[in-house]
Amino acid sequence: MPSRSSDLLLMACAVLLTPAAMAASFDCSKAAAGSIEGLVCKTPALSSQDELLAKVYKQAQAKAQNEHPPTLKAEQRGWIKSRDECWKADDKNLCVGDSYRLRIAELQSRYQLLPGKGPVRFVCDQQPAKEVIATFYPSEPPTLIAEFGDSTSLMYAQPAGRGSKYQGRNESFWEHQDEATVVWGYDGAEMKCARQ
């Protein structure tokens, strides 16, 4: 016959394992059933990613205190909206997980929360004025922040047969043996760049 203490232990375990008790950076008791927040609350792996993002975001906030104009909070609200669009995805868990991974990597590189390799200078098309400056970060996935002229691009590592390949919104960077092929901007011309 089970003892009262074993009954209490079983009840405590049941409470700890309920979805509402899962750790997340928001109140799971307020997450709507069927919502992306609800999915995060009931999925341990996603809940862990949410907690990691909360820690990384707090570190980024500390570095962004003097940011003008202040953009971190607005960008985070925009990211939450895009994460919540995963309700349309065929594989919601994969979509949400990828969303967290990319956001964590973005904050770690943009706010230099990880040690970067660089800056590394590349001169393109043999014209010193056409210079790309790249800093590489060991985030997951690996990231690159590149500067060209007066613009900056965050790029994520992509599978490559050889060398290192990164893709941003409208930019790409593919380095192999100290030479890089860079495309900058929508319909931008391919530049051949040499590491300096």
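The values are calculated or read from the model by the stated rules, or taken from the named source; none is laboratory data. Note that this is a predicted model, so its numbers are computed, not measured. Cβ coordinates were reconstructed from backbone atoms using ideal geometry, including for glycine residues, and neighbour counts include every protein chain displayed.
Listing for the model above:
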| quantity | calculated |
| --- | --- |
| Region 85-140 - residue that is within 20 Å of LEU53 (Cβ to Cβ) and among the aromatic types (Phe, Trp, Tyr) and, of those, surrounded by the fewest Cβ atoms within 10 Å (Cβ to Cβ) | TRP87 |
| Residue within region 131-144 that is under 28 Å from ALA45 (Cα atoms) and aliphatic (A, V, I, L, M) present | yes |
| Filter result for ASP90 (closer than 29 Å to ALA24 by Cβ, assigned to a loop (DSSP other than H, G, I, E, B), out of contact with any Lys or Arg (no Cβ under 8 Å at 6 or more places or on another chain) and of a type in the set (Asp, Glu)) | yes |
| Matching residues in region 158-196 - criterion: being part of a strand (DSSP E or B) and either surrounded by fewer than 18 Cβ atoms within 10 Å (Cβ to Cβ) or among the polar types (S, T, N, Q) (or both) | GLN158, SER164, GLN167, SER172, HIS176, GLU179, THR181, VAL183, GLU190, LYS192, ALA194, ARG195 |
| One residue from ARG169, ARG77 being within 18 Å of the chain's Cα centre (by Cα) and in the same structural domain as GLY38 (by TED's automatic domain parsing) | ARG77 |
